[in-house]
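What follows is one structure encoded as structure tokens, with my remarks underneath.
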2 protein chains.
Amino acid sequence: MKRRAFINNTSKAAALMIAAPSFVIGNADMKKDKIRMGIIGVGARGLGTLSLCLHRDDLELVAICDIDPITLGKAEAMIAKAGRPKAKVYTGSDTAYKEMLTKKQLDAVLICTPWEWHTPMSLDAMNAGIAVGCEVAGAMSLDECWQLVRTHERSGTPFMVMENVCYRRDVMAILNMVRQGLLGEMIHLEGGYQHDLREVKFNDGVQYYGGGVEFGEKGYSEARWRTNHSVHRNGDLYPTHGIGPVGNYININRGNRFEYLTSMATKSRGLHDYIINHPKGGKDHPNANVRFNLGDIVTTNIMTSNGETITLTHDTNLPRPYSIGFRVQGTKGLWMDINKSIYIEGKSPSHRWESADTYLKEYDHPLWKRYESLASGAGHGGMDWFVLHAFVEALKRNEPMPLDVYDHASWSAITCLSEQSIDHGGAPQSFPDFTDGKWITRKPIFALNDEY
Amino acid sequence: MKRRAFINNTSKAAALMIAAPSFVIGNADMKKDKIRMGIIGVGARGLGTLSLCLHRDDLELVAICDIDPITLGKAEAMIAKAGRPKAKVYTGSDTAYKEMLTKKQLDAVLICTPWEWHTPMSLDAMNAGIAVGCEVAGAMSLDECWQLVRTHERSGTPFMVMENVCYRRDVMAILNMVRQGLLGEMIHLEGGYQHDLREVKFNDGVQYYGGGVEFGEKGYSEARWRTNHSVHRNGDLYPTHGIGPVGNYININRGNRFEYLTSMATKSRGLHDYIINHPKGGKDHPNANVRFNLGDIVTTNIMTSNGETITLTHDTNLPRPYSIGFRVQGTKGLWMDINKSIYIEGKSPSHRWESADTYLKEYDHPLWKRYESLASGAGHGGMDWFVLHAFVEALKRNEPMPLDVYDHASWSAITCLSEQSIDHGGAPQSFPDFTDGKWITRKPIFALNDEY
């Protein structure tokens, strides 16, 4: 397995930007026991990430950055409570993070900011030779996707997209089964983000979730920025929780790639209805006049070069229970999470669903078997623990990131291309090949053993 | 409600073809107590239909037609066993049915033949003034769809598409709920035909299902003709079980219509694998060389003029449990059949699925309440009873068909347009408006009460 070097902050970042390609192949000297970590964005998501960091002995939490003094206070209190040394705090402007990146104090940075900041911050960090763990979503254009790829290639700086659902226990057990051939050759897959976010997109400007119909300047936390994407954009804004796991099942960018997609969006009703029916909203509330461009449900079909199809659903404006809606179907059977069932020819009773439980236990992934006790209690059912663990372990060992810049670029491209397809009445849109053809020979590396 | 006249066989069919438009509005004199019925095609499906006919006192089974002497013998034995008078038998050639239609002996005919015969037989029957109950699927081109529409309009002869799943008990209960507004305004719907047909597409040339890998000339029953569609075509070959019910939920052709679709097909593996892995098949069996054009899974997205989207799945080549895969989602909640669950805002516990059972019972459709005892035990869980009942009752009362030629044409167009879209790399294909704009003012008529 080829390895990209972990470029630590003592290197001359500027020189690396030119010289990187000559020394990015495994260098044992670059292995580390401790990672000096920074976090940009310690809001709702960043505080959770901070908490996980504070539980790891191999991380020194060196610096944090945010523009909100309240949440910075919460972060500092958490650090103190954990008995850790104070972190340096960067704040005061949207670009305060840049100063944090130039201080030669960090090995790595976790980016937990609003989507629109993911790319500029990732670019700045990679250019400074600071490894990036970037929260999901965020490339706003295909050019941003390319910039991330080219900057990573030029700098040699590690980049990982922190897609936690790739580490969900059932998702990993199915990965185990897929790799052992129990479902046969992969044929069709489904996933999505089906999550009633109305109380995330609107609040009262004080609490994180719900309690009002405010957003933007008058909203707090995610409502402050995320809702604006629903006002202005129409596409699959959040594809990674579905496509990440699915991509691993069919080796996207590693023997396979996305070829083209088509998308369709329904009318937009859910967010407007929420505003006018809310006790603090109503037809006379100023937000009742907002026109939301985002269709309530966006359905995207993706064709791969190996002939599998993928259907993704983005459904965040309507009342519904949470569901990723996984379907993993091959020539020998299929698994679906919505009915917690599986069917495998020759094993399951003919033409009848079986509960997936037995299989999920039998094929529990080695990573989960090994780290179950550490992960349990961590964010989102343990998934968050695993994704941070992977980032940190790959860094320490100077090994390639299991979910890398090519994954991030091709997943993010779904958002851009789905917007384009909807704009063009469902017309198919081709994916760029962000790997420049390397997908043909690259091999799968995600979760091959029980290390990370 | 406007009514189209039932044109009985004593009328001068030729004259009607010209004069029909002037007297197709409700004519009480044309009401009937008994229908003289014929069946074209008494194979696997036709025998089931025959059995239902023989249970109805308002039907005289006058004539049957088939090219297979064995199945004709079964049909005659069933008629005799039911204590009914012998039916006239037409056989000997593919076009023997034409003679049956010219004898002025029939009020109506049920067409239960291979798909490719549905349109020519329907056209001949309508031109002869014989009302048509046509099995689902079958228009092979958009022009065939138009021919059906124009022939119906010119002749005034009633036409119904016998889509039985429209009458499934849960489907009708949900229709009831949709009409009462429990799910809010419709937003997104899903359905499909997900049925492992490998033992339908292949048999040993003797039995109906399985036991070998033969099809075409060497196959029996459906394997004799249906499999050839999988060899040559690539599209959603069988959309009606999904789209029929969904169309009723959103009033297709009655205030709404299909605007365009996109389709994607996976690689084709299932049928070839079945042949080479079957004990009577293997790599040296001649059918191992057959190239099946039909992708194992075909996914189609449809946009409607009212802004709902519909996702249809055609999945008939792979091992799996049967499922239509209904999803009916509105601004207030959604129902899915795969997990037998429902969610309704304000009724269901917040963010949690509820079992749909209670709702399906509470909103049981008046038709099912009234006819449960008659329907139970009939084909496909009672659905077949209801669809025949509707055809016969609408005929007797000289009222419009609840699932009419416009439904049949627009549903069948899905097959043709999905083939075109796949041919064009997923490019969107526009639906013709088979109603010539009448969809704007036409009102829903399907199952409005407990009559039929």
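The values are calculated or read from the model by the stated rules, or taken from the named source; none is laboratory data. The model shown is predicted, which means the values in this text are computed figures rather than measured ones. Glycine gets a Cβ as well: all are built from the backbone with ideal geometry, and neighbour counts include every protein chain shown.
Under the condition of being among the aliphatic types (A, V, I, L, M) and in a strand (DSSP E or B), the residues counted in the range A:286-312 number 6. Contact map, the range A:28-39: residues that are in the same structural domain as A:I111 (by TED's automatic domain parsing) and at pLDDT 85 or above paired with residues that are in a loop (DSSP other than H, G, I, E, B) and among the aromatic types (F, W, Y), Cβ distance under 9 Å, separation 6+ or inter-chain. Pairs shown: A:K31/A:F6; A:K32/A:F6.
With the structure loaded, tell me whether A:I250 is within 14 Å of another protein chain (Cβ to nearest Cβ) and among the hydrophobic types (A, V, I, L, M, F, W, C) or whether it fails that test. Yes. Residues of the range B:48-73 that are over 23 Å from B:K103 (Cβ atoms) and not in a loop (DSSP other than H, G, I, E, B): B:G48, B:S51, B:L52, B:I70. Apart from one condition, A:F292 fits all of (1) under 25 Å from A:P432 (Cβ atoms); (2) buried (at least 20 other Cβ atoms within 10 Å of the Cβ); (3) not charged (D, E, K, R); the exception is (1). Just one of the listed residues (A:V213, A:V165) is modelled with pLDDT of 95 or more and over 27 Å from B:T266 (Cα atoms), and it is A:V213. Please verify whether B:L101 is of a type in the set (A, V, I, L, M, F, W, C) and either without any contact (Cβ under 8 Å) to a residue 12 or more places away in the chain or within 14 Å of another protein chain (Cβ to nearest Cβ) (or both), treating the condition exactly as stated. No, not satisfied. Counting only helices (runs of 4 or more DSSP H) that sit wholly inside the range B:217-280, those with at least 2 residues that are in contact (Cβ under 8 Å) with a residue 12 or more places away in the chain and more than 24 Å from the chain's Cα centre (by Cα) are B:270-277. Of the residues making up the range A:56-66, those that are surrounded by fewer than 19 Cβ atoms within 10 Å (Cβ to Cβ) and touching a residue at least 60 places away in the same chain (Cβ under 8 Å) are A:R56, A:D58.
Total residues in the range A:331-343 satisfying the condition of being facing chain B (nearest Cβ under 7 Å) and in a loop (DSSP other than H, G, I, E, B): the figure is 4. Apart from one condition, A:S93 fits all of (1) surrounded by 16 or more Cβ atoms within 10 Å (Cβ to Cβ); (2) assigned to a loop (DSSP other than H, G, I, E, B); the exception is (1). If you go through the range A:304-319 and keep only what is within 7 Å of chain B (Cβ to nearest Cβ) and crowded, with 23+ Cβ neighbours inside 10 Å, you end up with A:E308, A:T309, A:T311, A:L318, A:P319. Within the range B:258-273, being buried (at least 24 other Cβ atoms within 10 Å of the Cβ) and either under 22 Å from B:Q180 (Cα atoms) or at the interface with chain A (Cβ under 10 Å from one of its Cβ atoms) (or both) holds for B:L261, B:T262, B:S263, B:M264, B:A265, B:T266, B:G270.
Could you check, for the range A:423-440, whether at least one of its residues is touching a Gly at 6+ places or on another chain (Cβ under 9 Å) and over 30 Å from B:T304 (Cα atoms)? Looking for residues that are touching a Gly at 6+ places or on another chain (Cβ under 9 Å) and over 30 Å from B:T304 (Cα atoms), one finds at least one in the range A:423-440, hence yes. For the range A:210-233, indicate whether the set of residues that are within 12 Å of chain B (Cβ to nearest Cβ) and over 30 Å from A:E345 (Cα atoms) is non-empty. Within the range A:210-233, one or more residues are within 12 Å of chain B (Cβ to nearest Cβ) and over 30 Å from A:E345 (Cα atoms).
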